[in-house]
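Notes for the one structure printed next.
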Amino acid sequence: MKKIAIIGGGIAGAQTAVELAARDHQVIIIEKSDELGGNIKDYGCKAVDVCLKDNLCLVDDVFNEVEDFDNIDILFQTRVNDFTGKPGSYSLGIEREGVFSSIDDLDYLVVATGYTKWSDLETGTPEVYEDKRIIWASQLEEFIKSRKDHLDVDHKLTLDFEPESAVFIQCNGSRSIQEKAKYCSRICCGYSYRMARVLKHFFPEIEITIFFMDLQEGGYLQELSYQKLDDNEIGYINCKPIKVSSQDEKINIFYEDQKKGKKDNLKTDLLILSEGIHAKKVNEEWSRLFNLQLDEYGFLYPIEDQKDTNIYLAGTIKGPKDIAGTISDSKNVAYKIINDNKTGG
Ligand SMILES: Cc1cc2nc3c(=O)[nH]c(=O)nc-3n(C[C@H](O)[C@H](O)[C@H](O)COP(=O)(O)OP(=O)(O)OC[C@H]3O[C@@H](n4cnc5c(N)ncnc54)[C@H](O)[C@@H]3O)c2cc1C
Ligand code: SF4
């Protein structure tokens with residue numbers, strides 16, 4: 001039996017834990033908050049009259065399984081502050097509610113502390129005003145989640161008001177050198193399209209426009225296309241707007257219409273700002289403590305072969321991924337540990 005500590009109880013940490021526990025290994029999850037789930041615990045299923053394959057239904061079983069395994073211990077409200085030893089006999093110093101202790105004789109360590117979303121960063125996006133008609137995608141996620149029984153698709157979506165029009169602006173905080181995130185976050189085109197379908201489902205008369213740089217979607221929704229937007233009566237404009245302002249009863253979006261070659265305005269009742277996946281500040285600490293490398297955006301990758309160090313990284317700590325990508329990455333990490341014959345049983 002191998003003894004493994006996993007830092008982070010999001011879907012990456014939880015999936016790695018169940019794979020290891022199912023092979024009778026001993027797992028300790030160290031989670032800084034008081035519940036499992038990570039970012040996705042606040043996101044809602046985006047099924048309408050059909051499933052839109054947002055993967056959210058993949059996660060509940062995993063978190064339930066974690067709770068059911070006797071060989072998984074979960075330490076909530078716990079932080080790591082020290083790390084010593086060598087592969088096969090590591091010790092982690094931890095602090096839980098002001099009490100310091102250590103977890104000893106660890107064969108492996110998995111770091112799965114995930115990502116930060118753009119709205120949580122201090123830099124934020126300058127276009128966000130104190131206006132209830134401008135919301136982050138994660139706020140719309142919370143409204144969608146509050147549909148309560150997401151399987152009952154007729155259950156009303158409640159917003160603070162009934163919008164007659166809505167606009168999504170994509171690539172907020174991503175694909176921008178200025179915002180120190182030159183990369184594509186991969187997930188926001190897909191969730192915005194699904195959110196637009198949810199809005200259409202509950203407000204059939206609503207006019208929806210999405211400002212895209214281009215469409216990026218892999219995984220379950222590979223066929224996402226401008227034609228698909230047209231088919232679902234979702235308008236799109238191929239540019240990133242120049243300016244957003246509050247005007248009278250509307251939000252005004254000033255943009256350059258590349259097709260017509262001129263500047264134009266669009267007024268809307270509701271503006272949803274997409275937000276991507278960003279590296280957590282704690283990655284800097286992990287890079288020092290566990291001898292890992294930070295990439296130019298602050299995501300982590302190993303310096304030495306993980307087979308030699310027994311220190312693995314799982315999920316979005318390494319860069320943007322959707323739930324399906326995170327689950328498959330985490331299974332991969334677990335199988336590497338399970339199949340490593342140099343330590344434990
Ligand atoms: C607005 C938005 C909507 C999205 N919608 C979808 C969708 O519909 N479908 C989809 O497939 N994907 C979606 N995603 C992507 C999805 O959120 C990620 O793929 C997934 O959450 C990654 O899981 P993770 O475990 O890597 O990270 P996280 O969810 O970030 O989990 C990390 C965990 O580590 C814990 N932690 C952090 N720091 C510490 C520390 N120092 N010590 C101990 N614990 C720590 C955290 O509390 C958390 O529990 C969306 C993303 C965004 C931003
Ligand atoms: S997934 Fe779409 S919205 Fe998100 S950064 Fe990539 S191109 Fe922009």
Cross-chain or 6+ apart pairs with Cβ under 7 Å, segment 19-41 first and farther than 15 Å from ASP340 by Cβ, then assigned to a helix (DSSP H, G or I) and of a type in the set (S, T, N, Q): none
Residue, nearest to ALA137 (Cα to Cα), within segment 192-229, restricted to residues that are modelled with pLDDT of 90 or more and basic (Lys, Arg): ARG194
Options ASP34, ASP60; residue that is out of contact with any strand residue (DSSP E or B) (no Cβ under 6 Å at 6 or more places or on another chain), in a loop (DSSP other than H, G, I, E, B) and either near ligand 1 (Cβ under 10 Å from one of its atoms) or not polar (S, T, N, Q) (or both): ASP34
Complete set of residues in segment 247-274 that are assigned to a loop (DSSP other than H, G, I, E, B) and modelled with pLDDT of 90 or more: ASP269, SER274
Conditions (1) in the same structural domain as VAL80 (by TED's automatic domain parsing); (2) surrounded by fewer than 19 Cβ atoms within 10 Å (Cβ to Cβ); number of the one not met by ILE311: (2)
Residue match in segment 231-244 (condition: assigned to a loop (DSSP other than H, G, I, E, B), of a type in the set (Lys, Arg) and modelled with pLDDT under 80): no
Criterion: charged (D, E, K, R) and within 16 Å of ligand 2 (Cβ to nearest atom) - qualifying residue of ASP214, ASP248: ASP214
Segment 197-206 - residue that is away from ligand 1 (no atom under 13 Å from the Cβ) and in contact (Cβ under 8 Å) with a residue 24 or more places away in the chain and, of those, surrounded by the fewest Cβ atoms within 10 Å (Cβ to Cβ): GLU205
Within segment 297-335, tally of residues that are in contact (Cβ under 8 Å) with a residue 40 or more places away in the chain and outside any helix (DSSP H, G or I): 11
Cβ-Cβ under 6 Å pairs, at least 6 apart or on other chains, segment 181-195 side among the polar types (S, T, N, Q), far side within 6 Å of ligand 2 (Cβ to nearest atom): SER185/SER174; SER185/GLY276; SER192/SER274
Any chance ASP34 is surrounded by fewer than 22 Cβ atoms within 10 Å (Cβ to Cβ), modelled with pLDDT of 95 or more and more than 16 Å from ligand 2 (Cβ to nearest atom): yes
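The values are calculated or read from the model by the stated rules, or taken from the named source; none is laboratory data. If you're wondering where the values come from, they're calculated on a predicted model, not measured in any experiment. Cβ coordinates were reconstructed from backbone atoms using ideal geometry, including for glycine residues, and neighbour counts include every protein chain displayed.
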